[in-house]
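*Asks:* Take a look at the following structure, please.
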Amino acid sequence: MHEGSRNCSAWDGIVVHAKSSPAQETRALLVGRKLLQSKLPDVELSIRGILRGHGLKVGEVSRGGFEARIRELIAGHSTLSMVIDAMLTARAALWGEFTKLHREMLRIARADKVCQRLMSAPGVGALVALTYRSAVDDPARFEKSSTVGAYSLTSVLSCSKVGLKQPILSTRGTPCKSAATIAAKAASFNPKRQALGPLVSQRAVRG
């Protein structure tokens, strides 16, 4: 039996797989990273909304130039400055902690041979590879390949009356795995938005 992979039976005939410690730790890392990632746009949108109520429009601005633009707009507004300063401080803290977890995710993926093999597929980056790796955990627990269906990372061939369409990554599986796969699909169509980018495909990974 795979070390750290225990099978527990709650009822007769039902066997439940208990994830290994490394898989649980990886899952915790991914969940924490995703939470911080989802909160960053929330804070930025709230700041925009507050300023809009005072007739101040932020407009299009890069993530790096966001804070400078906000401080430019709130100059001369004492009460507004106090509120926005606190929100900008929170934003900076979120970004800093997210960056730490993101770099740790990259480090683990680059040091894992299985993740490296998965990342050789088009559109599959560190996030998708590590999510899939932790979901499967111990491959030996599957008697045959067809039983891995819920964790599938294989291509799906779509057919129509016109003909065969380009193979796409399957989005079956857990919400976390499916969301990561959707991000990979987006990256495969646009190389500039690879899944390794900090805040890529925000809508896709919120699921």
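*Asks:* Going through the stretch 38-104, which trypsin sites (Lys or Arg not before Pro) have at most 16 other Cβ atoms within 10 Å and a DSSP loop state? Don't jump to the answer; show the numbers that get you there.
*Replies:* Numbers: sites: K39, R48, R52, K57, R63, R69, R71, R91, K100, R103; in loops: K57, R63.
Listed in order of number, the matching sites are K57, R63.
*Asks:* Roughly speaking, what is the stretch gain from V83 to V114, that is 0.36 nm per residue apart minus the C-alpha to C-alpha distance, in nm to one decimal? Write down the numbers at each step before the final one.
*Replies:* On the way: separation 31, 0.36 × 31 = 11.16 nm, distance 4.69 nm.
Answer, rounded to one decimal: 6.5 nm.
*Asks:* Beyond 25 Å between alpha-carbons counts as too far, so tell me which of K39/K113; K19/K113; K34/K144 fall in that bin.
*Replies:* On the way: K39/K113 32 Å; K19/K113 19 Å; K34/K144 32 Å.
The pairs that break the limit, which is 25 Å between Cα atoms, are K39/K113; K34/K144.
Each value in this text was obtained by applying a stated rule to the coordinates, not by laboratory testing. These figures come from a predicted structure and were not determined experimentally. With ideal geometry, Cβ positions are generated from the backbone for all residues, glycine too; neighbour counts draw on all protein chains shown.
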